[in-house]
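Report on the structure given below.
The values are calculated or read from the model by the stated rules, or taken from the named source; none is laboratory data. In this text the structure is predicted, and so the values were computed from the model without any measurement. Every residue, glycine among them, receives a Cβ derived from its backbone with ideal geometry; neighbour counts consider all protein chains shown. The area values use the complete protein model at the heavy-atom level, side chains included, leaving out ligands, DNA and RNA. Shrake-Rupley method; radii C 1.70, N 1.55, O 1.52, S 1.80 Å.
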Amino acid sequence: MKLTNFIKDIGYAENTAQIRRKVLIEQMHQKISKQQDCFNCKGHCCTYSYNSMRVTPLEALDVYFYLLNNNLINQSLVEKLKKNIKDFRLDREVYISGDKELRRYYTCPFYKNGVKGCGIGLGHKPYGCIAFMPYETNVSIAGKCSTNTQVLIEREILNPEDDLINQNIRNYFGLYWTKKDLPSALMHFVRTFNKNLNFNI
Ligand code: SF4
Ligand code: SF4
């Protein structure tokens, strides 16, 4: 399957990634201007202790393009994703109350273990990552941050085309999920469009 045909068929334009995050990035800068920033924190929210973040197919595709544009789709990425999925048992799906999947906690494979420790650019990282910010100044410990749900809702209202693209991706691949942990969702695209890499070793 060719990536160019796929993105045309589903109506995806990679240059909209930053636009779709505009209000999230603005609220982040507002927080930073009030010193409610992450500059003194090593990123607790990206680790197994606190992170159970799940992404839509579209958000995973944005991350895929960030990696592609930065020449980061390679065997080492495959190994990292595979290890991450295995270590945190992300391939063991457990359903609670019908079709509701149990959220798994995991350390994000793009976490660099330190201040400014995210390996994905701001214009492409998952929406929830940008909306999660401190509510106090000079935060360095966990428990002082929260998700700005209001700005996530505002973003959804401003970007109604997300739903259609997500539906198109699901239809295209016959995906049963609407949200998934980032490593598994991303692995789907890497497996599909990077057949030159070895997924078995
Ligand atoms: S959102 Fe909170 S826990 Fe996450 S990096 Fe920023 S200050 Fe640290
Ligand atoms: S994408 Fe970046 S900000 Fe989001 S969980 Fe992973 S390392 Fe943290």
- prompt: Where residues in the range 127-165 are of a type in the set (V, I, T) and crowded, with 17+ Cβ neighbours inside 10 Å, which of them is nearest to N15 (Cα to Cα)?
  reply: I165
field: Every residue from the range 1-23 that is among the hydroxyl-bearing types (S, T, Y) and more than 28 Å from N84 (Cα to Cα)
entry: T4, T16
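So that you can scan it fast, the table gives a plain yes or no per residue for (1) open to solvent by 90 Å² or more (accessible area, probe 1.4 Å); (2) within 16 Å of ligand 1 (Cβ to nearest atom):
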| site | (1), (2) |
| --- | --- |
| L3 | no, no |
| F6 | no, no |
| Y12 | no, no |
| R20 | no, no |
| N40 | no, yes |
| Y48 | yes, yes |
| V63 | no, no |
| L72 | no, no |
| E101 | no, no |
message: Let me spell it out: the conditions are (1) more than 11 Å from ligand 2 (Cβ to nearest atom); (2) out of contact with any Leu (no Cβ under 6 Å at 6 or more places or on another chain), and I73 meets all of them except one. Which number is the exception?
response: (2)
- prompt: Could you give every pair whose Cβ atoms fall below 7 Å, whose first residue belongs to the range 123-142 and is under 16 Å from S52 (Cβ atoms) and more than 7 Å from ligand 1 (Cβ to nearest atom), and whose second residue is outside any helix (DSSP H, G or I) and of a type in the set (A, V, I, L, M), counting only separations of at least 6 or pairs across chains?
  reply: P126/M53; P126/V55; G128/M53; C129/M53
- request: Taking the residues in the range 24-52 that are within 30 Å of K86 (Cβ to Cβ) and not in a loop (DSSP other than H, G, I, E, B) as candidates, determine which candidate is farthest from ligand 2 (Cβ to nearest atom).
  value: H44
Pair list, Cβ < 8 Å and 6+ apart or interchain, from the range 146-175 residues that are over 20 Å from V190 (Cβ atoms) to residues that are part of a loop (DSSP other than H, G, I, E, B): S146/Y135; R155/R21; E161/G11; D162/T56; L164/G11
field: Any hit, the range 109-118, residues being assigned to a loop (DSSP other than H, G, I, E, B) and more than 16 Å from ligand 1 (Cβ to nearest atom)
entry: yes
task: Being closer than 12 Å to K180 by Cβ and at pLDDT 90 or above is the filter; apply it to the range 77-99 and report the residue that is surrounded by the fewest Cβ atoms within 10 Å (Cβ to Cβ).
output: D91
- request: Just give me the residues in the range 147-201 being of a type in the set (A, V, I, L, M, F, W, C) and over 30 Å from K86 (Cα atoms), in sequence order.
  value: V151, L152, I153, I157, L158, L164
field: Top-ranked residue of the range 166-188 - restricted to ones that are open to solvent by 70 Å² or more (accessible area, probe 1.4 Å) and in a helix (DSSP H, G or I), ranked as nearest to K42 (Cα to Cα)
entry: Q167
message: Step by step: first the residues of the range 111-126, then only those that are open to solvent by less than 30 Å² (accessible area, probe 1.4 Å) and more than 10 Å from ligand 2 (Cβ to nearest atom), then the one that is modelled with the lowest pLDDT. Which residue is that?
response: G114
